[in-house]
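J.: Here it is, the structure in full.
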Amino acid sequence: MANHLREIAEQGQSIWLDNISRQLLDSGTLKRMIDEDAVTGVTSNPTIFEKAIGNSDLYDDGLAEAVEKGLGPRDIFFQLAFRDIRDGADLLRPVWERTEGLDGYISFELLHKNAREEVLRTAGVMMEAALSMRSYTVGQVRPHLRVVEDEFLPQSVPAYGATEIMNQLRKKYPDYAYKEAALNPTNPRNRAVDWESDIVNEFRNNEERKEFTGTRVTPTGVSMYLARPFQIKDAACLACHTTSDSAPASMVKLYGPNNGFGWKLHETVGAQIVSVPLDTALARVDRTVAFVAATLVTLFLLLFAVVNVV
Ligand code: HEC
């Protein structure tokens, strides 16, 4: 019978197995899959190990040894899991060598990757929320504001509304931040700090670039950011951002004549940057690992007790 997996591999598609266990390793099944079915990689995560360890007695010796050594559940879990990862990696080594490092990997990162994706999704939602506040200010607030005795109302400015509301949110979620960071801002609190300036300049030098994501170490922990360019697309914006002479006098009185002017149509003047803590999401993943590990070890100790009593 033709081996369809091989045919797929011959079309240039890598075939990765989303499973690993001592059983797969010891029985030679994984080796056979690599040799005969063209499997070139393996992925794993704590749930896969939970099933592997929970459904087999092949881990019992390792568990007993680790418990005897006095290791905690978390360390026991990693010790057992990494042994499988190491042995799986050994089996994949010929693939890695044959493909000069392009394939032949085994991963134990899936949950961390999910955590990053989750954080970025949250950042995306915050970004959209800020944009909605901007359109709300333009569409529903500004038309109802009357100019009172030449007084300029920051509340009528979309950037102000979005930043204020996001700052309210920060009182409850201090690690979450939203900023309309500009190189030459009208309001000094919007001035881009060093790393933000780097992002803005990257957008200015590369107009194709529509989004940036990255990780930063901050005093409160690791944080991920999502950034999008702020480009002047509408000539109407320039009424207040060209020169202090052409801007409303009441605005200049409030903000001064030196900042937030000289912007040009189609110029990228800044970036919208949302920062979201990564630690919380990673801690949640770690808690999952700890939970899985504790469950397995408890189960084992219970069984051990039963077996020894009988
Ligand atoms: C009526 C005058 C006015 C108009 C029109 C206006 N802005 Fe502004 N803009 C301001 C003021 C005032 C601030 C500072 C608000 C604050 O205190 O946060 C500001 C702030 C900003 C900021 C944040 C950085 C900074 O300068 O502090 C950005 C970005 C911005 N505006 C972009 C735009 C864009 C894009 C448009 C057109 C869609 C626009 N502005 C139209 C007055 C205006």
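J.: Answer with yes or no whether Asp175 is out of contact with any helix residue (DSSP H, G or I) (no Cβ under 6 Å at 6 or more places or on another chain), in contact (Cβ under 8 Å) with a residue 40 or more places away in the chain and among the charged types (D, E, K, R).
T.: Numbers: out of contact with any helix residue (DSSP H, G or I) (no Cβ under 6 Å at 6 or more places or on another chain): yes; in contact (Cβ under 8 Å) with a residue 40 or more places away in the chain: yes; among the charged types (D, E, K, R): yes.
Considered against the rule, which asks whether it is out of contact with any helix residue (DSSP H, G or I) (no Cβ under 6 Å at 6 or more places or on another chain), in contact (Cβ under 8 Å) with a residue 40 or more places away in the chain and among the charged types (D, E, K, R), Asp175 comes out as yes.
J.: Find the helices (runs of 4 or more DSSP H) located wholly in region 177-262 whose residues include 2 or more that are hydrophobic (A, V, I, L, M, F, W, C) and over 20 Å from Met166 (Cβ atoms), and list them. Steps first, answer last, please.
T.: Numbers: elements: 194-205, 238-241, 249-255.
Passing ranges, in order: 238-241, 249-255.
J.: Regarding Asn205, is this residue in contact (Cβ under 8 Å) with a residue 24 or more places away in the chain and more than 23 Å from the chain's Cα centre (by Cα)? It would help to see each step written out before you state the result.
T.: Numbers: in contact (Cβ under 8 Å) with a residue 24 or more places away in the chain: no; more than 23 Å from the chain's Cα centre (by Cα): yes.
Against the criterion (in contact (Cβ under 8 Å) with a residue 24 or more places away in the chain and more than 23 Å from the chain's Cα centre (by Cα)), Asn205 does not qualify.
J.: Between a residue in region 240-251 that is on the phi > 0 side of the Ramachandran plot and not assigned by TED's automatic domain parsing to the domain that holds Tyr160 and any residue that is crowded, with 17+ Cβ neighbours inside 10 Å and modelled with pLDDT under 95, which pairs come within a Cβ distance under 9 Å, given they are 6 or more apart or on different chains?
T.: Once the first residue is on the phi > 0 side of the Ramachandran plot and not assigned by TED's automatic domain parsing to the domain that holds Tyr160 and sits in region 240-251, no partner that is crowded, with 17+ Cβ neighbours inside 10 Å and modelled with pLDDT under 95 comes close enough.
J.: Would you confirm whether any residue within region 83-104 is at pLDDT below 85, surrounded by 14 or more Cβ atoms within 10 Å (Cβ to Cβ), farther than 19 Å from Tyr178 by Cα and under 27 Å from the mean Cα position of the chain (by Cα)?
T.: no
J.: If you check Lys51 against the conditions, is it among the basic types (Lys, Arg) and farther than 24 Å from Pro94 by Cβ?
T.: yes
J.: Out of curiosity, is Val222 modelled with pLDDT under 95, farther than 30 Å from Ala64 by Cα and of a type in the set (Val, Ile, Thr)? Walk me through how you get there before you give the answer.
T.: On the way: modelled with pLDDT under 95: yes; farther than 30 Å from Ala64 by Cα: yes; of a type in the set (Val, Ile, Thr): yes.
In short, yes.
J.: Between Asn55, Asn114, which is surrounded by fewer than 19 Cβ atoms within 10 Å (Cβ to Cβ) and not assigned by TED's automatic domain parsing to the domain that holds Ser21?
T.: Values: Asn55 fails: not assigned by TED's automatic domain parsing to the domain that holds Ser21.
Just one listed residue meets the conditions, Asn114.
J.: Could you please find all residues in region 168-194 being at pLDDT 85 or above, away from the ligand (no atom under 13 Å from the Cβ) and surrounded by 13 or more Cβ atoms within 10 Å (Cβ to Cβ)?
T.: Ala177, the sole residue that qualifies.
J.: How many residues, within region 128-167, are away from the ligand (no atom under 14 Å from the Cβ) and either in a helix (DSSP H, G or I) or closer than 30 Å to Asp279 by Cα (or both)?
T.: Result for region 128-167: 5.
The values are calculated or read from the model by the stated rules, or taken from the named source; none is laboratory data. Nothing here was measured: the structure is a model prediction, and the numbers come from that model. Counting neighbours? That spans all protein chains shown, and the Cβs are built from the backbone with ideal geometry, glycine included.
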